[in-house]
Structure formats: C-alpha cells, structure tokens
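Read the structure below first, then the notes.
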Amino acid sequence: MRIGILGTGTFAGALATGWARAGHDIVIGGRSPAKAEALAEKVGGVARPLADMPDGADAVLLAVTWTGVDEVLAAVGAKLAGIPLIDPTNPVDHGVGELRVEPGRSFAGHVAERAPGAHVVKAFHLFPAALWTAPGTGKATVAMCGDDSGALDVVGSLVRDVGGTPAVLGGLDRARQLEEAAGFVIGLAFAGVDPRSAVPAVP
C-alpha cells in the first residue's frame, strides 16, 4: 500500500519506518518541508508539500500534536475523503492526562469534522513510538474504533505489519473512551505509577 504520513516527528518516523520495512510505499508531508525531506530520505520514501497530500495514498496517518491538527487538516482535510485516516492523537494536558475535549465529544470526532468524508479510525494512541521501531511481533494490542469496516480492515492490517494485534472496540462514538484511557495512562505514568498495576488482570 501507499501510506501517507502527515507529520515529521518521532512517532511519524517510527511508524513510517515500520511500514517501509513491511514493504509499503511511504509519502511524507509536514509543515516543515526540510523535515519532511529528511524523514523521507531516512525511511526510503518520498516527501510532498502538504498542499499535494495525500498523493494517492491508500491510508493516511495523522501524526502531529493535537494542537497542530487544525492547521494540517486545513491544508489537507478536504482531499482525504474516502481514505482511511488514522488518528493517534492524545488531546491531553502534558504530564497531567486531563482530556481537553468538551464533554460528550471526542477528538477523533473533531478530526472527522475537519476532514469531511475521511474514514477516521482512532488507533495507535496508547503506546510510545519506541515500541514500533524494532522488528518483531506480538508487541501490543492496538485498541481502535471507527465507522467504516473497510477502513478498520486496512488499519488492522497496518497494525499487524508493525507487530501489533488489532482489537476493534466499536464505532467512532467509542473514541472518547479510548482518549480517556490514554489520559488515565499518561496521568499515572507521570505520577510515577506503572499503569499496568492499576488495571486488574482478567482470567
């Protein structure tokens, strides 16, 4: 597949590297053309200006901080119609984990509004970039949700390609639950508590 990456940071680089290793073609677009070129060269992909994205991509990863999402989607959003759009963003206060979304809403829903017609899938939001950089399988279960079954299938295959196991929680109306879970994990981690110790084992 041809995978578009919106973003040039550590997380973008980790998944771009993993997907390139799995044989996918990678197209990088970012607010900094120089950083996009550098990441594309590193992973063996190509760089494109944001105005030219998604450049024929079969799926797109939105790998920017949540505060930068509106700017990026203002440049790209309308052209993402019909394309699986992976949203791994965590709209939380750094180091605190408090969700910065209005009650009853999710940030994935906000992404869907800014990218009309895109098939948004919430995924890859719980684990750090470092997990996806090393070869191997069985790294993590990736909880995800979305409204389009075809998009969920595509994203599920991309999860497996970087060694994860996809687990569909439900439709995009479950996205806030996943985002709250990320806030829970982040808050505990920054408080010096292993989040795994706060989750009961299920027989």
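Summary of values
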quantity	calculated
Hz values of 3J(HN,Hα) by residue in region 165-175 - Karplus curve (6.51, -1.76, 1.60), Gly and Pro given as x	10, x, 9, 7, 7, x, x, 5, 5, 8, 4
Å² per residue, accessible surface of region 130-203 at 1.4 Å	54
Mean Cα-pair separation over length for region 105-203, i.e. relative contact order, pairs under 8 Å, 6 or more apart, %	29
If the convex hull is drawn through the Cα atoms of the chain, its volume per residue in Å³	118
Heavy-atom accessible surface of region 79-129: percent carbon and sulfur, 1.4 Å	54
Nonlocal amide H pairs with Arg100, under 5 Å, H built at 1.01 Å	Val92, Asp93
C-alpha long axis of helix 10-21 to longest principal axis of the chain, angle in °	70
Relative contact order of region 1-86, pairs being alpha-carbon contacts under 8 Å that are 6 or more residues apart, as %	34
Amide proton proximity set for Val121, modelled H, under 5 Å, gap of 5+	Leu85, Ile86, Asp87
Exposure rank, largest accessible area first [Lys42, Lys35; 1.4 Å]	Lys42, Lys35
Semi-axes of the equivalent ellipsoid for region 1-120, Cα gyration tensor, largest first, Å	23, 16, 13
Distance (nanometres) between label positions extended 7 Å along Cα→Cβ at Asp173 and Asp70	2.7
Relative contact order of the chain, defined on C-alpha pairs under 8 angstrom at six or more residues apart (%)	19
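The values are calculated or read from the model by the stated rules, or taken from the named source; none is laboratory data. Quick caveat, the model's predicted, so the values are computed rather than measured. Ideal geometry is used to build each Cβ from the backbone, glycine not excepted, and the neighbour counts take in all protein chains shown. Side chains are part of the model used for accessible areas, which takes the heavy atoms of the whole protein and leaves out ligands, DNA and RNA. Shrake-Rupley method; radii C 1.70, N 1.55, O 1.52, S 1.80 Å.
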